[in-house]
Amino acid sequence: MELHQLRYVVALARTGNFSRAATQAHVSQPSLSQQIQKLELELGQQLFDRHRNRTRLTKYGERFLIRAERVLHELEETVREARESHPLHEGEVVMGVLPTIAPYFVPRAVAAFGEKYPGISITILEETTEVLLELLGRHEIDFALASLPMPGDQLIINTLLTEELLLAVPQEHPLATKTSVTQEDLSQAHFVLMKEGHCLGDQVLRFCEKNDFQPKVRSRSAQIETILALVEAGQGVSLIPAMARQRSTQKAVVYRSLNAPRPERAIVTVWRKRRPPNRAADEFLTQLRGLLQKTDTHSSGTEPSIPVG
């Protein structure tokens, strides 16, 4: 039995597909298949039931997977401890970030970190919450910057900050000149929202639902800048994170706070309980928190770590 065979078993168990498992394991599909078959022969037990559309673990395979993940985790921790015994001169940070967060404070944090640790590379993957959870599960990212709620178990969640969602309206819209904007006003407006699957769109829908109205959605987009451009073009109103206002290029958009209770979102860091951030990633998060504490436009969260599941 060899370590790469354990990695192949874990990859196939997570993906349920030989082709995707081979891609994840950076090996050819025939090689992955042959190595798993070789391992099954050595064990005298079948690990997977092969079906046309899906490959599933057998009962024995489920038990074997637990031990395989435990062995690989211990090996990873051993390597991590060895690397982190040296000064932090080189390494890598791989983070997953929501597209509605990434363009705003992340670049400043990366630049500040790069000045202090020029030998450490940083990779940013911008994905939806669903994909970020998958990447965490496959150990392809060190941590995620996301927004509550974060479904799933075996996670550690830390609140970085909370921020208000501001109403964005065209300059000529009737709501742009109102001294007080209520939830009832919004029930009569047309909305431009993030497309389905993006948590900001879901957060707006939940806010509307809590205030007993169904928003009239005129159009959707996957980018906040496109949404603001549509608002500017008179296609509707939207609720936009406060941080997005700072970088907006739309001149004919007016931003307003709603009457209480104002909508807001909580931005969090997330990682798996059994795989905390490595030393470089942990240092990046420390600097990120320090940067946010110095930023007056956001309110830093003070909640402790929240184990989920």
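The values are calculated or read from the model by the stated rules, or taken from the named source; none is laboratory data. Bear in mind the structure is a predicted one, so any value in this text is a computation, not a measurement. Heads up, the Cβs are rebuilt from the backbone with ideal geometry, glycines too, and the neighbour counts pull from every protein chain shown.
Among the residues of region 196-240, count how many are of a type in the set (A, V, I, L, M, F, W, C), free of Cβ contacts under 8 Å to residues at least 60 places away in the same chain and in contact with a Lys or Arg (Cβ under 9 Å, 6 or more places away or on another chain). Steps first, please.
At the first step, the residues of region 196-240 found to be of a type in the set (A, V, I, L, M, F, W, C) are 199-200, 204-205, 207-208, 213, 217, 222, 224, 227-231, 233, 237, 239-240.
Still in the running and free of Cβ contacts under 8 Å to residues at least 60 places away in the same chain: 204-205, 207-208, 213, 217, 227, 229-230.
Then keep just the ones that are in contact with a Lys or Arg (Cβ under 9 Å, 6 or more places away or on another chain); that gives 227, 230.
Result for region 196-240: 2.
Scanning region 207-243 for residues that are farther than 25 Å from E126 by Cβ, touching a His at 6+ places or on another chain (Cβ under 7 Å) and part of a helix (DSSP H, G or I) turns up nothing.
Considering only region 25-36, state which residues are surrounded by 14 or more Cβ atoms within 10 Å (Cβ to Cβ) and either among the acidic types (D, E) or part of a helix (DSSP H, G or I) (or both).
Looking only at region 25-36, we keep the residues that are surrounded by 14 or more Cβ atoms within 10 Å (Cβ to Cβ), and these are 25, 27, 29, 32-33, 35-36.
A25, Q29, L32, S33, Q35, I36, listed by residue number.
From the list D282, D212, D202, the lone residue that is among the acidic types (D, E), assigned by TED's automatic domain parsing to the domain that holds I122 and modelled with pLDDT of 85 or more is D282. Among the residues of region 157-195, write down those that are under 30 Å from R275 (Cβ atoms) and among the acidic types (D, E). Of everything in region 157-195, just one residue is under 30 Å from R275 (Cβ atoms) and among the acidic types (D, E), namely E163.
Scanning region 246-280 for residues that are under 15 Å from the mean Cα position of the chain (by Cα) and over 19 Å from E163 (Cβ atoms) yields W271, R272, P277. Can you confirm whether region 249-259 contains a residue that is outside any loop (DSSP other than H, G, I, E, B) and closer than 21 Å to G197 by Cβ? No, because not a single residue in region 249-259 is outside any loop (DSSP other than H, G, I, E, B) and closer than 21 Å to G197 by Cβ.
With respect to Q46, is the statement that it is without any contact (Cβ under 8 Å) to a residue 40 or more places away in the chain, surrounded by 12 or more Cβ atoms within 10 Å (Cβ to Cβ) and in a loop (DSSP other than H, G, I, E, B) true? So Q46 passes the test. Of the listed requirements (1) outside any helix (DSSP H, G or I); (2) free of Cβ contacts under 8 Å to residues at least 40 places away in the same chain, V192 misses just one: (2). In this structure, L41 does not satisfy being touching a residue at least 12 places away in the same chain (Cβ under 8 Å) and of a type in the set (A, V, I, L, M, F, W, C).
Which of the residues belonging to region 118-131 are touching a strand residue (DSSP E or B) at 6+ places or on another chain (Cβ under 7 Å) and closer than 11 Å to G152 by Cα?
Going residue by residue through region 118-131, those that are touching a strand residue (DSSP E or B) at 6+ places or on another chain (Cβ under 7 Å) are 120-127, 129.
Of everything in region 118-131, just one residue is touching a strand residue (DSSP E or B) at 6+ places or on another chain (Cβ under 7 Å) and closer than 11 Å to G152 by Cα, namely T129.
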